[in-house]
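Here's the structure, in structure tokens; my notes come after.
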Amino acid sequence: MLISYLPILVYLIISIGLAVLIVALSEALGKKTHTAVKDLPYECGMVPISDARHRYAVKFYVITMFFLVFDIEAIFLYPWGVIFKPLGLFGLIEMGVFILILMVGLAYVWGKGALEWE
Amino acid sequence: MTISIPSITLSNIGPLLTLTVAGLLLLLMDALTPKGKKGYFPYLSLIALVIAAVQTTMLWNRSGTDFARMIYVDNFAFFFYLIFLLATGLTILISIKYLEDYHRNLEEYYTLLIFATIGMMLMAAGGHLILIFLGLEILSIAIYILAGLFREDVKSNEAALKYLILGAFSSAFLLFGMAMLYGATGSLFLDDLAQAIKAGVGTNPLLLFGMGLLIVGFGFKVSSVPFHMWTPDVYEGAPTSVTAFMSVGTKAAAFAALVRIFFLVFPEIKMEWNMLLWGLAVATMTLGNVVAIAQTNIKRMLAYSSIAHAGYLLVALVAANQLGAISFLYYLVAYTLMNLGAFAIVILVARKKDDYINIYDYCGLGFQYPALAAAMSVFMFALAGIPPTAGFVGKFYVFSAAVEAGYIWLAIIGVMNSLISVFYYLRITVLMYMRPAEADLGPVTMTPAISSAVLVTAAGVLAIGVFPGPLYELALNSVKIFVGL
Amino acid sequence: MVVPLIYYIALSSALFAIGVIGVLIRRNAIIIFMCIEMMLNAVNLSLVGFADHYQAIDGQMFVFFVMTVAAAEVAVGLALIVAIFRNKATVNVDELNLMKW
């Protein structure tokens, strides 16, 4: 039974070994120089303006929460999509009601001004 | 591929539809109308509740299931619908002034209350484990938000977070239990579960494991010992009107689902759960009553008292006979009335920022505000179980059910617990009438809404205490669905 | 090769237990939420396993609802954590101790 998985094991060993080997070789053989520019996160790109671990405006979290809630509702659209034809008009109406309820939620969020950035 | 679409009768879920539409409408109107023009929101919600109640009474005596067996359409569910609608209506009446005093712009409150009511109704009517779970979560998520409604108040924040963490934690246990039941029987319908157990999977370890996890999950929701730790903190920190709603609504809803599952699905394996619940009932009653004695904050005292009452309700569940089921329903109605009444008085006395929340603030209330003190005494007598109030009759039914089922000791422990509880309930009455006022309470404003709530609850407690007959008949009518009892 | 049912039960029980322990011993509210998510996902795993075992669709349906509800719970939880952080500048549950008996 398990013997059929042997190629995968061999493959894993070779790929991990190769990765370790390359990093180790370049670490051992390469010449190291440190300059201020070289130690930047992006050596040839944008110059970072500050540390990554600073506080974000709370607006981002609010948008995240809305995204989380509205995005997860899409999960119910997939099963409907799978059996769209057999369900016919009945399914269309049911999903219409479902989406209408979501729209009310969106209208509430909008009306309360939670989507305004400033 | 063809799919047969089950026939559905929308009138069977009429009350739920009414409330859903009302809740969504309120949500939209809240977002679209300018500030300061929303004073009619509570009255609109009350109208929706009344319509739903009328629809429920029109549905009375229908029986069977609907929506492909997802929903039970029976008197047991309708009885609970009425309890929930009553609790929500009274909560709205007692919270109008309280919310206006605290903050101008909290109209989501009414929408959330209505959504919570829908969740509770789904729990009482659910015939499928998914539906019971969804009802529970609709209820819980609405109440998490309600508990944290006072955003600037650190205590309210803390209560909400504690409730959310422990609520989600307990939901996970409940879910795991449901998954295990599914694993043991291969179905999520309560009917099929009952049949599978009758057919003899009773000794399946998965089933017993699932049942234990269900007890843990529901134990959290009804705040039975040893899963009660969150109750006092959350009850103290949440806005008082929300505490009132929580103490009555969530408890009734969780018990509705618990009773339906245990009386419908598990009566065959009663041997496996009755001693467990016996222990829980005794621990819950005793701890609730003993710790309540030590409390000086009235909200915490009522929190421990609500734990104790969960214990009495568990006694009815342990008895698992017809009288037990009847007493259970009767007791829930009585508890709803007396607890909401007591909280109405607490709101009136505590005022805006919960300024007068210590029990010694009640000193001399009997001389300053005789009507308030009289009403409070009625509720305290009822909670303590002193005749001729509803609390006495309810306890009488509960303990007779226990005796009838052969649990003599359970009844004796219950009665002893009632005696302990008399001490801390009557202490409030003694303070009100026999001590001079310690602090000047200042003017207590009685609005028509809250006065009518106090009046209705006080009259109700006395009326069903003196004439328990009609309510008993209604309850008897509602529990006929449990043929296994 | 069919994976035996007991493997699903064992794995989901183990995940569930890890989640429970995490909730009980961690002190950061956000990590507690992650542990609760883990408990819910353990349940999902066992539901899918049972659904596969019984060749029934109910269990998979249940998973959809659990996922949605979990998202809603987390959204409310994050909102509460933001509110608490504004008032108290901490998310350590040990420091949320205004109320004690």
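Computed from the coordinates by the stated procedures, all read-outs in this text should not be read as laboratory data. This is a predicted model, so every value here is computed, not measured. Here the Cβ is made from the backbone with ideal geometry for all residues, glycine too, and neighbour counts use every protein chain on show.
Short-range pairs are left out: with C-alpha atoms under 8 Å and at least six residues apart, the relative contact order of chain B is 15 percent.
Within chain C, the longest segment free of exposed loop sites, counting trypsin sites (Lys or Arg not before Pro) that fall outside DSSP classes H, G, I, E and B and have at most 13 other Cβ atoms within 10 Å, spans C:28-99. Candidates B:292, B:421, B:454 compared by Cα position along the dipole of the range B:12-481: farthest toward the positive end lies B:454, with charges placed on Cβ.
Under a 5 Å amide H cut-off, with hydrogens placed 1.01 Å from N, residue C:96 pairs with nothing among residues at least 5 apart or on other chains.
Normalised radius of gyration (Cα atoms, divided by 2.2 N^0.38 Å) for the range A:58-111: 1.38.
Placing +1 on the Cβ of every Lys and Arg and -1 on the Cβ of every Asp and Glu, with no other charges, gives the protein assembly as shown a dipole of roughly 660 debye about its Cα centre. Taking a straight line from the alpha carbon of residue A:32, these aspartates and glutamates sit under 18 Å away, with near neighbours fewer than eight places off in the same chain left out: A:43. With both labels modelled 7 Å from their Cα along Cα-to-Cβ, the residue C:95 to residue A:18 distance reads 5.0 nm. The dipole here belongs to chain C: it is taken about the Cα centre, uses +1 on the Cβ of Lys and Arg and -1 on the Cβ of Asp and Glu, and is about 440 debye.
Which of the peptides B:221-227, B:96-102, C:70-76, A:54-60 is most tightly packed, and how do the rest follow, going by the mean number of other Cβ atoms within 10 Å of each residue? Intermediate results must be reported in sequence, preceding the final value.
On the way: B:221-227: 23.7, B:96-102: 18.6, C:70-76: 21.0, A:54-60: 9.0.
The packing order, highest mean first, is B:221-227, C:70-76, B:96-102, A:54-60.
Counting Cβ atoms of other protein chains within 10 Å of each residue's Cβ and taking the mean over peptide C:48-56 gives 3. The mean number of Cβ atoms from other chains found within 10 Å of a Cβ in peptide B:177-185 is 6, as a whole number.
How much net charge surrounds residue B:76 when only the other residues with a Cβ under 15 Å from the Cβ of residue B:76 are counted, with Lys and Arg +1 and Asp and Glu -1?
-1
Among the listed pairs B:251/B:480; A:112/B:251; A:59/A:112; A:59/B:37, a Cα-Cα separation exceeding 25 Å is found for A:112/B:251; A:59/B:37.
With each label point set 7 Å from Cα along the Cα-Cβ vector, what nm distance links residue A:64 and residue A:107? Rounded to a tenth, the inter-label distance reads 3.1 nm. Among B:30-37, B:50-57, sorting by the average number of other beta carbon atoms lying within 10 angstrom of each residue, highest first, gives B:50-57, B:30-37.
Taking other Cβ atoms within 10 Å as a rough exposure proxy, B:44, A:40 sort from fewest to most as A:40, B:44. Structural descriptor for the range B:125-260: relative contact order 31 percent, calculated from alpha carbon pairs under 8 angstrom and at least 6 residues apart. Here the ratio of the Cα radius of gyration of the range B:12-481 to 2.2 N^0.38 Å is 0.93.
Using only the C-alpha atoms, the convex hull of the range C:27-90 corresponds to 46 Å³ per residue.
The Rg/Rh ratio for the protein assembly as shown, using Cα coordinates for both the radius of gyration and the Kirkwood hydrodynamic radius, is 1.01. Under the combined filter of DSSP loop state and at most 15 neighbouring Cβ atoms within 10 Å, the range B:132-212 retains these GluC sites (Glu not before Pro): B:152. Note on the range B:1-114: dipole from Cβ charges, positive end direction compared against B:67, B:92, B:81; the farthest Cα belongs to B:92. Close amide H partners of residue B:65, meaning residues 5 or more places away or on another chain with modelled amide H under 5 Å apart, are B:73. Starting from the Cα of residue A:85, draw a straight line to each of the aspartates and glutamates and keep only those under 20 Å, dropping any in the same chain fewer than 8 residues away. In chain and number order, the partners are A:94. Among B:271, B:338, C:39, B:70, the ranking by other beta carbons within 10 Å of each residue's beta carbon, starting with the fewest, stands as B:271, B:70, C:39, B:338.
For the range B:264-343, rounded, prolate or oblate, judged on the Cα gyration tensor with a ≥ b ≥ c (square roots of eigenvalues), a/c < 1.5 rounded, else prolate if a/b > b/c? Here the range B:264-343 falls in the oblate category.
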